[in-house]
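J.: The following block contains the structure, expressed as structure tokens.
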Amino acid sequence: MFPEYRDLIARLQAEGTHKRFLSLYQKHKDLDLQISALKRQDSGTAHVQLDMLKREKLRVKDELYELLRQEAAAS
């Protein structure tokens with residue numbers, strides 16, 4: 001995710017001081033795991049839940065991108 005910010009992501013993770021970044025990054029990973037688990041299910045109701053999770057993951061990814069953009073500009 002965001003190869004142009006790979007070094008910045010590694011730095012923010014290593015420092016562990018940017019709580020919003022860490023929270024969003026973890027949420028994105030958790031959503032990815034939930035999506036993967038639902039894809040393995042063969043259920044009609046899983047489709048609706050899968051769609052909602054994917055939308056939330058995109059929202060989190062957009063927020064992460066904006067945060068990384070701002071951090072890169074400040075550096």
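J.: I'm checking my understanding of the structure. Among residues of the range 1-38 that are in a loop (DSSP other than H, G, I, E, B) and either in contact (Cβ under 8 Å) with a residue 12 or more places away in the chain or of a type in the set (Ser, Thr, Tyr) (or both), which one is farthest from residue 60 (Cα to Cα)? Before you say what the answer is, go through the steps one by one.
T.: So the first thing to find is which residues in the range 1-38 are in a loop (DSSP other than H, G, I, E, B), and the list is 1-2, 16-18.
Add one more test, that the residue is either in contact (Cβ under 8 Å) with a residue 12 or more places away in the chain or of a type in the set (Ser, Thr, Tyr) (or both), and what stays is 1-2, 17-18.
Numbers: 1: 12, 2: 13, 17: 19, 18: 16 Å.
The residue in question is 17.
J.: Only one residue in 46, 37 is touching a helix residue (DSSP H, G or I) at 6+ places or on another chain (Cβ under 7 Å), more than 19 Å from residue 2 (Cα to Cα), surrounded by 11 or more Cβ atoms within 10 Å (Cβ to Cβ) and of a type in the set (A, V, I, L, M). Which one? Steps first, please.
T.: Details: 37 fails: touching a helix residue (DSSP H, G or I) at 6+ places or on another chain (Cβ under 7 Å).
Matching residue, one of 46, 37: 46.
J.: Is it the case, given these coordinates, that residue 62 is surrounded by fewer than 15 Cβ atoms within 10 Å (Cβ to Cβ), within 9 Å of the chain's Cα centre (by Cα) and either assigned to a helix (DSSP H, G or I) or basic (Lys, Arg) (or both)? Reasoning before the result, please.
T.: Working: surrounded by fewer than 15 Cβ atoms within 10 Å (Cβ to Cβ): yes; within 9 Å of the chain's Cα centre (by Cα): yes; either assigned to a helix (DSSP H, G or I) or basic (Lys, Arg) (or both): yes.
Judged against the criteria, residue 62 is a match.
J.: When you go through 7, 32 one by one, which is the residue that is loosely packed, with under 13 Cβ neighbours inside 10 Å and either of a type in the set (A, V, I, L, M, F, W, C) or at pLDDT 95 or above (or both)? Give the derivation first.
T.: Values: 32 fails: loosely packed, with under 13 Cβ neighbours inside 10 Å.
It is 7.
J.: Now for a different question. Go through the range 39-49 and count every residue that is over 19 Å from residue 60 (Cα atoms), of a type outside the set (Lys, Arg) and under 20 Å from the mean Cα position of the chain (by Cα). Show your work before the answer.
T.: In the first step, residues of the range 39-49 are kept if they are over 19 Å from residue 60 (Cα atoms); the result is 39-47.
When the remaining residues are screened for being of a type outside the set (Lys, Arg), the result is 41-47.
Of the ones still in play, those that are also under 20 Å from the mean Cα position of the chain (by Cα) are none.
Residues meeting the conditions: 0.
The values are calculated or read from the model by the stated rules, or taken from the named source; none is laboratory data. Every value quoted in this text rests on a predicted model; they were computed, and no experiment measured them. All Cβ positions, even for glycine, are placed from backbone atoms using ideal geometry, and neighbour counts span all protein chains on display.
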